[in-house]
Amino acid sequence: MTDKADIRTAARNQWWDVWDQFKTHKGALLGASVFLLIIIAVYLGPFVWPYDPQFIDYRSRNLSPSFAHPLGTDQLGRDQLARMLSGGQVSIIVGLSAMALSVVLGTLIGVLAGYFKRLDGPLMRLTDLFLALPLLPLILVASLLFREKLSAAFGPEGGIFILIVSLIGITSWMQTARIVRGDVLALKEREFVLAARSIGTPDRRMITRHVLPNVMSPIMVSATLGIATAIITESALSFLGFGFPPDFPTWGRLLNDSVDRMQIYPERVLWPGLAISLTVLSVNYMGDGLRDALDPRIRGR
Amino acid sequence: MLDDADRPLVSVRNLKMHFPIYGGLMRRRVGEVKAVDGISFEIFEGETLGLVGESGCGKSTVGRTILRLYEATAGDVIIDGKEIAHAEPEELRRMRPTMQMIFQDPQASLNPRMTVRDIVGEPLREHMALSNTELTDRVHQLMDQVGLNRDFADRYPHEFSGGQRQRIGIARALALNPKFIVCDEPIAALDVSIQAQVVNLLEELQDRLGLTYLFISHDLSMVRHIADRVAVMYLGQIAELAPRDALYEKPLHPYTEALLSAVPEPDPTIAAKTERIILTGDVPSPSNPPTGCNFSTRCPKVMDICTRETPTFREQEPGRFVACHLYNSEQTSAANAASEVNKSIQQGEET
């Protein structure tokens with residue numbers, strides 16, 4: 001009896017169950033492989049593909065797709081594929097880190113507001129305040145104010161990266177905070193929270209052990225949606241000239257560069273647009289599968 | 001059990017729990033729900049006190065306020081010689097192992113994202129420094145105690161039936177070797193066949209571990225089976241508190257009488273003979289209880305004085321307390337200190 005139990009506990013890690021469930025979700029598996037493929041292409045591609053995304057070659061301007069330039073070249077003769085690949089690096093890292101920042105902020109504020117009654121009023125008014133702020137002017141002013149200092153401290157690209165990620169993160173946590181607060185309020189009245197309190201579990205462990213795991217699903221959903229919003233906001237910023245420097249490609253930048261010649265060269269809009277959509281879609285499916293896999297009630301059905 | 005009969009493990013004095021109602025444009029406090037409105041009782045070591053009453057009379061609130069899951073509005077709760085109702089958080093945390101609770105809905109009282117090992121082990125992690133193997137041993141031991149298969153330690157609550165889930169809840173309550181357990185309708189959400197199993201388990205554990213229960217229920221026949229003494233609540237107050245047999249044989253308070261007459265009688269010949277007392281009207285709102293006796297609006301034996309003066313909760317016969325003007329009409333004015341609880345008789349050696 002005891003040996004049997006021992007074998008079992010030794011052999012089975014909980015994360016294997018999660019993986020098993022994740023595998024059964026076809027969409028999630030597909031999403032994960034597409035996302036992985038995009039990441040591999042974007043980060044390893046530039047080592048394989050010989051062209052420099054910044055290299056200007058006037059003799060080969062506005063080329064259509066060919067074997068030498070599978071995605072053609074732009075109005076300055078730069079290779080589109082090379083620009084797509086190095087743009088993807090920036091877009092994906094901006095998307096992921098801005099999403100992480102906004103989810104962390106939103107979850108923190110949502111949980112605090114929902115769990116501690118005294119903080120609820122002030123924190124939710126703060127959320128309302130942020131929702132009411134005109135975000136674009138705010139971002140523009142902030143980037144004007146901090147661009148120089150950050151560039152001086154972290155180098156031009158590093159500084160802008162920090163600026164953009166934190167601006168997007170700080171201005172997009174509100175939805176998450178509201179959703180999480182609502183869920184925490186409902187969760188707080190559940191009997192298992194009361195049971196934990198009767199055991200004498202202190203608040204911080206109550207939150208990490210009972211509250212957070214049970215608000216995983218809405219957090220997961222807003223996280224996957226957040227990546228999309230972050231990539232799109234970054235492209236909007238680049239379009240307005242407040243993002244990365246003009247010669248520094250990102251998917252949003254490529255999209256905006258090509259918009260004015262869309263009627264002549266539609267494929268230049270198509271590729272970055274497709275890349276953004278594909279990334280967002282694959283992350284969404286992955287998040288969906290992950291959410292299901294992390295829920296023990298769904299697991300094993 | 002009889003050895004410790006004189007020592008009250010739990011004593012509750014004039015406990016009040018009022019929930020504020022906020023309303024209007026400014027969310028001002030416009031009133032309060034008097035869920036528990038001044039109750040006093042004692043529970044002796046090793047006994048089971050049944051707490052009965054209809055829905056919404058404040059039974060569960062009493063249980064939760066005693067364990068200070070709610071902050072009491074007024075009154076004292078002393079468990080095992082320590083004051084609970086006003087203790088500092090850290091002090092309270094150290095007292096938690098003495099008192100535990102079993103909840104009504106076994107589905108809702110277990111965190112769906114934790115395995116049985118984590119659920120039962122949580123109190124151990126919080127209050128004892130155990131190594132992982134020690135923890136597993138203790139969890140297995142507890143699972144044996146409540147009749148769960150050890151192999152199920154890594155399963156999740158949704159994989160169990162209702163009765164098994166309640167056993168998990170009981171194992172969690174037992175983990176810290178408590179002296180006092182509040183059972184908040186532990187069987188109300190279970191099938192009848194499972195109810196008996198769980199109640200028998202509770203009784204067996206009481207015998208083995210010398211536990212003291214506050215057994216909250218609306219099921220009078222179940223309370224008759226398990227309790228040594230019974231308290232009847234109506235609208236936030238205790239109407240009657242008496243040893244079980246005495247209460248079921250000769251209820252003093254008209255509300256107890258009505259309540260007992262509503263218990264279904266399995267024998268049709270007896271059922272035909274007994275007369276049901278049917279109360280008319282609804283339970284008054286606990287936010288606006290009637291003046292005088294709370295039961296005066298529905299009492300079949302209502303008198304003039306009932307609507308004017310609140311009856312005091314006093315000892316009518318040794319060990320029997322009742323709050324009714326029928327029994328103290330001649331001395332209402334002098335009976336202020338009547339809720340003073342004297343030596344009560346320990347009953348129910350049969351259990």
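Within the stretch A:43-82, the residues that satisfy the criterion of being farther than 20 Å from A:I264 by Cα, assigned to a helix (DSSP H, G or I) and either open to solvent by less than 40 Å² (accessible area, probe 1.4 Å) or touching a Leu at 6+ places or on another chain (Cβ under 8 Å) (or both) are A:G45, A:P46, A:A82. When both residues are 6+ apart or on different chains and their Cβ atoms are under 9 Å apart, which pairs have a first residue that lies in the stretch B:141-169 and is without any contact (Cβ under 8 Å) to a residue 60 or more places away in the chain, and a second that is assigned to a helix (DSSP H, G or I) and of a type in the set (S, T, Y)? So the pair list comes out as B:R150/A:T2; B:A153/A:T9; B:A153/B:T136; B:D154/A:T9; B:G163/B:S193.
The residue pairs whose first member lies in the stretch B:1-26 and is over 23 Å from B:V77 (Cβ atoms) and at pLDDT 75 or above, whose second member is open to solvent by 50 Å² or more (accessible area, probe 1.4 Å) and not small (G, A, S), and whose beta carbons are closer than 8 Å, counting only pairs six or more residues apart or on different chains, are B:I21/B:R29; B:I21/B:V30; B:I21/B:E32; B:Y22/B:R28; B:Y22/B:R29; B:Y22/B:V30; B:G23/B:V30; B:G24/B:V30. When each of A:G155, A:G200 is tested for being in contact with a helix residue (DSSP H, G or I) (Cβ under 7 Å, 6 or more places away or on another chain), open to solvent by less than 30 Å² (accessible area, probe 1.4 Å) and without any contact (Cβ under 8 Å) to a residue 40 or more places away in the chain, the lone residue that passes is A:G200.
Just a yes or no: is a residue in the stretch B:180-190 modelled with pLDDT of 90 or more and surrounded by fewer than 24 Cβ atoms within 10 Å (Cβ to Cβ)? Yes, the stretch B:180-190 contains a residue that is modelled with pLDDT of 90 or more and surrounded by fewer than 24 Cβ atoms within 10 Å (Cβ to Cβ). Pairs are defined by a Cβ separation below 6 Å, a sequence spacing of at least 6 or placement on different chains, a first member in the stretch A:15-29 that is closer than 12 Å to A:D295 by Cβ and touching a residue at least 24 places away in the same chain (Cβ under 8 Å), and a second member that is loosely packed, with under 11 Cβ neighbours inside 10 Å and among the hydrophobic types (A, V, I, L, M, F, W, C); no pair meets this definition. Selection of helices (runs of 4 or more DSSP H) fully inside the stretch B:50-127 by the criterion of at least 3 residues being in contact with a Pro (Cβ under 9 Å, 6 or more places away or on another chain) and facing another protein chain (nearest Cβ under 9 Å) returns B:116-127. Of all residue pairs spaced 6 or more apart or on separate chains, those with beta-carbon atoms under 7 Å, a first member in the stretch A:267-286 that is closer than 17 Å to A:R253 by Cβ and a second member that is acidic (D, E) and open to solvent by less than 20 Å² (accessible area, probe 1.4 Å) are A:R268/A:D74.
Every condition in (1) buried (at least 20 other Cβ atoms within 10 Å of the Cβ); (2) touching a Ser or Thr at 6+ places or on another chain (Cβ under 8 Å); (3) β-branched (V, I, T); (4) without any contact (Cβ under 8 Å) to a residue 60 or more places away in the chain is met by A:T233 except one, and the failing one is (4). Selection over the stretch B:128-158 of residues that are in a helix (DSSP H, G or I), over 29 Å from the mean Cα position of the chain (by Cα) and among the polar types (S, T, N, Q) gives a count of 3. Is it the case that some residue within the stretch A:269-284 is of a type outside the set (G, A, S) and at pLDDT below 80? No: the stretch A:269-284 contains no residue that is of a type outside the set (G, A, S) and at pLDDT below 80.
Within the bounds of the stretch B:142-156, is there any residue that is on the phi > 0 side of the Ramachandran plot, open to solvent by 10 Å² or more (accessible area, probe 1.4 Å) and more than 10 Å from chain A (Cβ to nearest Cβ)?
Looking through the stretch B:142-156, at least one residue is on the phi > 0 side of the Ramachandran plot, open to solvent by 10 Å² or more (accessible area, probe 1.4 Å) and more than 10 Å from chain A (Cβ to nearest Cβ).
Taking the stretch B:87-113 only, how many residues are crowded, with 19+ Cβ neighbours inside 10 Å, over 18 Å from B:Y156 (Cβ atoms) and of a type in the set (G, A, S)? Counting residues in the stretch B:87-113 that are crowded, with 19+ Cβ neighbours inside 10 Å, over 18 Å from B:Y156 (Cβ atoms) and of a type in the set (G, A, S) gives 0. Please enumerate the residues belonging to the stretch B:238-255 that are surrounded by 24 or more Cβ atoms within 10 Å (Cβ to Cβ) and not small (G, A, S). Residues satisfying the conditions are B:I238, B:E240, B:L241, B:L247, B:H253, B:Y255.
The values are calculated or read from the model by the stated rules, or taken from the named source; none is laboratory data. All values derive from a computational prediction rather than experimental measurement. Counting neighbours? That spans all protein chains shown, and the Cβs are built from the backbone with ideal geometry, glycine included. Note: accessible area is taken over every heavy atom of the protein model, side chains too, but ligands, DNA and RNA are not part of it. Shrake-Rupley method; radii C 1.70, N 1.55, O 1.52, S 1.80 Å.
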